[in-house]
Amino acid sequence: MEKHKSKKTLGIIIDVLMYTILLVQMIYVFTGNIVHEILGIGFFICLAGHIVIKRKQLASLFRFGKKPASRQFSDIVMILLLLAIIVLMVSSMGVSRTIFPWFRYAGSVDLHVYLATAVLALSVVHGGMHGYIRTKKKKRAAVLIAIGFAAAIAVGLALVPYLNRHFKVVKINYSEAVSGEKADWNGNKPLVVYFTRVGNTDFEADVDAVSGASLMLADDELIGNTQLIAAMINDALDCDVKAITLTGKKYPSSYGDTVSAAGKELKNNDRPEIEKIDVSGYDTVILVYPLWWGTVPMPAATFLEGNDFTGKKLYLIAAQGSSGYGSSIEDIKTMANGAEVQEAMSIYCDDIPASRQDIGDWLKKISE
Ligand SMILES: Cc1cc2nc3c(=O)[nH]c(=O)nc-3n(C[C@H](O)[C@H](O)[C@H](O)COP(=O)(O)O)c2cc1C
């Protein structure tokens, strides 16, 4: 009896721990990578304990007699949950940067986030079904399960991206991120033009004051994602690099306000004024831009429309938070008069600090 009681208590502790870990994993932005990876391993250790304690329930999956509908539903949820957890385990190692750095082929951040969301939502239903089967108040239990399921999906698909956008600060070592193999270029070297928030935003002087604004710090200096990509190209080719710089009103320091301001600019089809960039001495231009509202930021549109690209190749590198190129390529084709527009790369913002090798390989390919 005593043994049964302590097993039950241990089971409850492990379950609470697992739900807590899953939720804490969702606020990755605040815990940081190493804590996230250690907690991930902790989750799978708890899972092993959970399976040992609840092994009878797991075995009941393979008892094929007639079962009530609620049991059948519970079984389906358990199977889906097990599958999602197994794939999550593989994908977690794939995106690991510290503990499993050699296991990269399963490394999709998007897949990892979707799987984690599925595991959280299915865990809520899995736990809720225990209560549903036991309680007499079935309707109330079903409503609570549905609310829990919807809340878990909202946490994974809305809260996590929101926190990432607004609070993430990535710290990098500038020379490590930028330096790599050099690439040869046949003929007139390209001009790299980039647009980024840094330099075009009224950030407060104190970096700590803006650390809640989805930014990158290179050796404690603010740096934009596209600026880093431009620096990587410069390291590989030793070519000219120019920043698109607003001459008028800058963007607000808050990320959310910048998103609103950029949305208004797009709606009004504004062309904010910028310092003149002359591309006439170049045969090739590489434009590095962040995707804003699924297209190119309006200051980059000013740059494109303010130049004659006749006879020039225009390569496009987009930095983005999940939307690929959006409609930017088609839009740029209508803006860059005469250009031979070539899509080059669309890089997910988290992958940018580690993209020097890919950029070098791409430059070698196009300069052949
Ligand atoms: C105003 C604004 C709008 C954005 N819109 C999108 C979008 O539609 N799709 C997307 O994947 N990312 C979007 N993002 C995320 C940026 O493309 C991404 O964070 C990029 O790496 C930022 O580059 P930067 O640091 O050089 O400015 C947006 C960011 C901002 C500031």
- Task: Report the dimensions of the stretch 124-263 along its three principal axes from the alpha-carbon atoms, largest first, rounded to Å.
- Result: 78, 37, 27
- Cα-based Debye curve of the stretch 41-185 sampled at q = 0.20, 0.21 Å⁻¹ gives log₁₀ I(q)/I(0) of -1.34, -1.39
- Hull volume in cubic angstrom per residue (convex hull over the Cα atoms of the chain): 180
- Query: Past the 32 Å Cα-Cα mark, which pairs from Lys171/Lys249; Lys139/Lys168; Lys171/Lys312; Lys264/Lys364; Lys264/Lys365; Lys5/Lys168?
  - Reply: Lys139/Lys168; Lys171/Lys312; Lys264/Lys364; Lys264/Lys365; Lys5/Lys168
- Ignoring ligands and nucleic acids, what accessible area does Asp278 show with a 1.4 Å probe (Å², nearest 10)? 80
- Semi-axes of the equivalent ellipsoid for the stretch 67-144, Cα gyration tensor, largest first, Å: 33, 11, 8
- Give the angle, between 0 and 90 degrees and rounded to the nearest 10, that separates the Cα long axis of helix 255-268 from the longest principal axis of the Cα atoms of the chain. 60
- Item | Sparse-neighbour loop sites [trypsin sites (Lys or Arg not before Pro); the stretch 223-308; at most 12 other C-beta within 10 Å; DSSP] | Lys249, Lys276
- Between the Cα axis of helix 138-154 and the main Cα principal axis of the chain, the angle (0 to 90°, nearest 10) is 20
- Item | Residues of type lysines that Lys7 reaches as a straight line, Cα spacing below 30 Å, ignoring anything fewer than 8 places off in the same chain | Lys54, Lys56, Lys66, Lys67, Lys136, Lys137, Lys138
- Message: Of Thr98, Gly148, Tyr132, which is farthest towards the positive pole of the stretch 96-169's charge dipole, taken about the Cα centre with +1 and -1 on the beta-carbons of Lys, Arg and Asp, Glu respectively?
- Response: Tyr132
- In the stretch 170-367, what percentage of the DSSP-assigned beta bridges are antiparallel, given to the nearest 5? 15
- Note down the relative contact order for the stretch 170-367 as a percent, whole number, built from C-alpha pairs under 8 angstrom at least six residues apart. 25
- Message: Using 5 Å bins from zero, what percent of all Cα-Cα pairs in the stretch 170-367 falls into each bin?
- Response: 1, 8, 16, 21, 21, 17, 10, 4, 1, 0
- Query: Excluding ligands, DNA and RNA, what is the solvent-accessible area per residue of the stretch 274-368 at a probe of 1.4 Å, expressed in Å²?
  - Reply: 41
- Accessible solvent surface per residue of the stretch 2-167, calculated while the other protein chains remain in place, 1.4 angstrom probe, Å²: 61
- Sort 280-291, 85-96, 190-201 for me by packing, meaning the mean count of neighbouring Cβ atoms within 10 Å per residue, highest on top. 190-201, 280-291, 85-96
- Pick out, in residue order, every one of the trypsin sites (Lys or Arg not before Pro) in the stretch 83-143 that is DSSP loop and has at most 15 other C-beta atoms within 10 Å; say none if there are none. Arg97, Arg104, Lys136, Lys137
- Task: For the chain, calculate the relative contact order in percent as a whole number, restricting contacts to Cα pairs under 8 Å that are 6 or more residues apart.
- Result: 13
- Message: Please list Ser253, Ser175 from largest to smallest accessible area, probe radius 1.4 Å, with all protein chains kept in place.
- Response: Ser175, Ser253
- Once normalised by the length of the stretch 2-167, the mean sequence separation of its alpha carbon contacts under 8 Å that are 6 or more apart gives a contact order in percent of 22
- Note on the structure: per DSSP, antiparallel bridges as share of beta bridges in the chain, % nearest 5, sits at 15
- Query: Taking the alpha carbon gyration tensor of the stretch 1-123, what are the square roots of 5 times its eigenvalues, largest first, to the nearest whole Å?
  - Reply: 28, 18, 12
- Can you pull the percent of the stretch 244-364's accessible area that's carbon plus sulfur, 1.4 Å probe, other chains left in place? 46
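The values are calculated or read from the model by the stated rules, or taken from the named source; none is laboratory data. Given the structure is predicted, the values throughout are model-derived calculations rather than measurements. Note that each Cβ is placed from the backbone with ideal geometry, even for glycine, and that neighbours are counted across all protein chains shown. Just the protein is used for accessible areas: all its heavy atoms, side chains included, with ligands, DNA and RNA removed. Shrake-Rupley method; radii C 1.70, N 1.55, O 1.52, S 1.80 Å.
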